[in-house]
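Okay, so here's the structure we're looking at.
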Amino acid sequence: MNYELFPNLFFNPSVGFIERVYEGLNDPGTNTWDAGLSATYKMNRNVWLGANYQYIKQDEKDPSPELESYENNVFGVSMNLQF
């Protein structure tokens, strides 16, 4: 989804889910959830500023010594030049 709040300000939310099953001892698996939000500000038609945030959480479906649960917060900023 892409939302335009003003002619030069855009927001893009996202949500996702991935289920993985690995072959091997006890067939371990994981569930991964993620959600995020990115914003783009167009200073003019050639310069864009961007910021984004993404939250990721992985849970083990079946306990396994090879796989671990975790939570991660990812932040980013960018500047795009277009000629």
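The values are calculated or read from the model by the stated rules, or taken from the named source; none is laboratory data. In this text the structure is predicted, and so the values were computed from the model without any measurement. Cβ: placed from backbone, ideal geometry, glycine included. Neighbour counts: every protein chain shown. The protein model used for the area step is the full one, side chains on, heavy atoms only, and it has no ligands, DNA or RNA in it. Shrake-Rupley method; radii C 1.70, N 1.55, O 1.52, S 1.80 Å.
Applying the Karplus relation 6.51 cos²θ - 1.76 cosθ + 1.60 with θ = phi - 60° to the stretch 8-19 yields 3J(HN,Hα) values of 10, 10, 10, 10, 9, x, 8, 9, x, 9, 10, 10 Hz, where x marks Gly and Pro. Within the chain, what's the longest run with no GluC sites (Glu not before Pro) in a DSSP loop and at most 14 other beta-carbon atoms within 10 Å? Give the range, please. For GluC sites (Glu not before Pro) (loop position, at most 14 other Cβ atoms within 10 Å), the longest site-free span of the chain is 24-65. Taking all protein chains together, F6, F11, F75 sort by accessible area into F75, F6, F11, largest first [probe 1.4 Å].
Averaged per residue, the chain has 77 square angstrom of accessible surface, using a 1.4 angstrom probe with ligands and nucleic acids left out. Using the C-alpha gyration tensor of the stretch 1-44, what are the square roots of 5 times its eigenvalues, in whole angstrom, with the largest one first? For the stretch 1-44, the ellipsoid semi-axes come out as 39, 8, 6 Å.
The HN-Hα couplings worked out from phi for the stretch 45-61 by the Karplus form 6.51 cos²θ - 1.76 cosθ + 1.60 (θ = phi - 60°) are 6, 10, 10, 10, 10, x, 9, 8, 9, 9, 10, 10, 9, 10, 10, 7, 6 Hz, whole numbers, x standing for Gly and Pro. Across the chain, the relative contact order, built from alpha-carbon pairs under 8 Å that are at least six residues apart, equals 25 percent. The tail of the calculated P(r) for the chain, taken as Cα-Cα distances beyond 15 Å, holds 66 percent of the pairs.
In the chain, carbon and sulfur make up what percent of the accessible area (probe 1.4 Å)? Within the chain, the accessible surface is 56 percent carbon and sulfur.
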